[in-house]
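Engineer: Got a structure here, written out as structure tokens. Questions coming.
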């Protein structure tokens, strides 16, 4: 069904880097979600009102909220597809993250309201009538929500959309919530115990957990987070495939929404090589990163000495010092500036965020360890946190 809908309503569906194709996928998911959620709301609200079940009515309101969320999703895809302009030079793709946050807020509001109503029913019990039509509606709802979750997951993974992944989590949590309501009805019918209020609390907890999870994921996307391993390895593999590249460091990756990744990095090159030839290789790296991975890269050339054995030996010994202090420490941009009385060793040290030692203390410790090797060596260190 998913493939059939995509073929019918999305032209050139494999060209997912095209903003018009992304908008078409987003529109399809939003419209399908709105139609199904409105139908589920009508069915559940009617049977919930007839049976007097607070859990079924709350589940119905949850579906209505989901329909509103799909409208937000639809608008976000429309805005995200807009081209870059003077005020937004990186485009509007991050609007999907904003939409995901709004969806998470709506989910949290619904979860809170359901929790409040469920507790109220425990305090002021109301008899719930059992009807088989309620069982049928809830069973159908579970199947629809499961399919909708799988549909959003398939399309969300295909176009790398946080909004659709949020909708997937919402749909699957709704299926679990409706399952709890169905169990409540069956328990009430076959026993003398009415768990409607308790099941309402369980449903609200599932909804609140889903909302918090979506909010957390979206918050990371908006604040900025470490690039995924696949992106880092893709950049590294392409750059290091060039013989001119002797090393790579200071990589920074910014994500301005799906399809808009910007990276900057330093590439070590032979300082004795022809600068025009090296610059040509850097240009080719940048172009290949964009054409093969859609990454807008800016690469800085770092010339290093490759034909001085003394520099190579000193660099090796300093690297050994770093390994003894902490095996996670690495260095780059190593240079030696020789003088009459001392030699400056200038280099950058890359330390993990998990290393709690402050930068100044770390630099002092490295400098003292290096001086134990040779009193004339003076370290000039810059600490990077990776």
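Values in this text are rule-based calculations from the coordinates and carry no lab data. Since the model is a prediction, treat every value here as computed from it, not as a measurement. In this analysis, Cβ positions are derived from the backbone assuming ideal geometry, glycine residues included, and neighbour counts consider all displayed protein chains.
Engineer: Just to confirm the number: angle between the C-alpha axis of helix 54-80 and the first principal axis of the chain, 0 to 90 degrees, nearest 10?
Structural biologist: The angle comes out at about 40 degrees.
Engineer: Further question: Sort 220-226, 139-145 by packing, meaning the average of other beta carbons within 10 Å per residue, with the highest value first.
Structural biologist: Top to bottom by mean Cβ count within 10 Å: 139-145, 220-226.
Engineer: On to the next question. Relative to the first principal axis of the alpha-carbon coordinates of the chain, what is the inclination of helix 359-373, with its axis defined by its Cα atoms, in degrees from 0 to 90 and to the nearest 10?
Structural biologist: Between helix and principal axis, roughly 30 degrees.
Engineer: Still on this model: Which percent of the Cα-Cα distances in the stretch 265-386 go past 19 Å?
Structural biologist: Result for the distance tail: 56 percent.
Engineer: Helix 95-123 against the longest principal axis of the chain: what's the angle in degrees, Cα atoms only, rounded to the nearest 10?
Structural biologist: 40 degrees
Engineer: Right, here's the next one. Nearest 0.05, what FRET efficiency do residue 105 and residue 319 give at R0 = 51 Å with Cβ-Cβ as r?
Structural biologist: The formula returns an efficiency of 0.55 here.
Engineer: Sort 371-382, 195-206 by the packing proxy (mean of other Cβ within 10 Å over each peptide's residues), most packed first.
Structural biologist: The most tightly packed comes first, giving 195-206, 371-382.
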